[in-house]
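Reading through the structure tokens given below for one structure.
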Amino acid sequence: MDIKWTDDLSVGVDSIDEQHKELIGIINNLLTAIERNYARDEIQEVITFLKKYVETHFAMEEALMTRIKYPSGNFLEHEAQHTLFWENFNELLELFKKDHRSPAMINTIEIVLIQWFVNHICKTDKAIGAFVKRR
Ligand SMILES: [Fe+2]
């Protein structure tokens, strides 16, 4: 059930790829913590760390898009996806509050974190890499 970073996930910008690898590591830590029945506080810690890391990561991508003068339509679309992520993430937090290791929580991690990230990386983030290459 773990997610692995492979070359298919490379967007062609080293700074982004490095952070994506880190993100995948944190998501895997979260899954491990739940599967191994870690205490609620320990799971909470991983979630808090993930939240901070994603904040930093999105800010970095957005700053990069500004720096490379990424077309504003694409920028706004990208930013909107990041906003949507936080809405999904909040749902995950709600589930966590109710029961920190329910099957619904694991399901939501798969959909909200893993599927969302893989999809976002492969489409939206890769578009940044393609733009950088074309410049
Ligand atoms: Fe992104």
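The values are calculated or read from the model by the stated rules, or taken from the named source; none is laboratory data. What you see is a predicted model; the values in this text were computed from it and never measured. When we count neighbours, we look across all protein chains shown, and the Cβ atoms used for this are built from the backbone with ideal geometry, even at glycine. The protein model used for the area step is the full one, side chains on, heavy atoms only, and it has no ligands, DNA or RNA in it. Shrake-Rupley method; radii C 1.70, N 1.55, O 1.52, S 1.80 Å.
The alpha-carbon atoms of the chain define a convex hull whose volume equals 91 cubic angstrom per residue. Over the chain, DSSP H runs of length four or greater, each weighted -39,500 (n - 2.57), average out per residue to a 222 nm ellipticity of -24000 deg cm²/dmol. When you filter the trypsin sites (Lys or Arg not before Pro) in the stretch 1-71 for DSSP loop state and at most 14 other Cβ atoms inside 10 Å of their Cβ, you are left with Lys4, Arg36, Lys69. Long hydrophobic helices in the chain: the complete DSSP H runs spanning 27 Å or more by Cα along their own axis with mean Kyte-Doolittle hydropathy of at least -0.5 are 14-35, 40-67. Beyond 27 Å in Cα-Cα separation lie the following of the pairs Lys21/Lys133; Lys4/Lys98; Lys52/Lys133: Lys4/Lys98; Lys52/Lys133. Only one residue of Ala104, Gly129, Asn90 has its Cα farthest out toward the positive end of the dipole of the chain, where Lys and Arg carry +1 and Asp and Glu -1 on Cβ, and that residue is Gly129. Among the GluC sites (Glu not before Pro) within the stretch 1-100, which fall in a DSSP loop and have no more than 14 other Cβ atoms within 10 Å of their own Cβ? For GluC sites (Glu not before Pro) across the stretch 1-100 that sit outside H, G, I, E and B with at most 14 neighbouring Cβ atoms in 10 Å, the list is empty. Among the protein heavy atoms of the stretch 13-134, carbon and sulfur supply 53% of the accessible surface, probe 1.4 Å, non-protein parts ignored.
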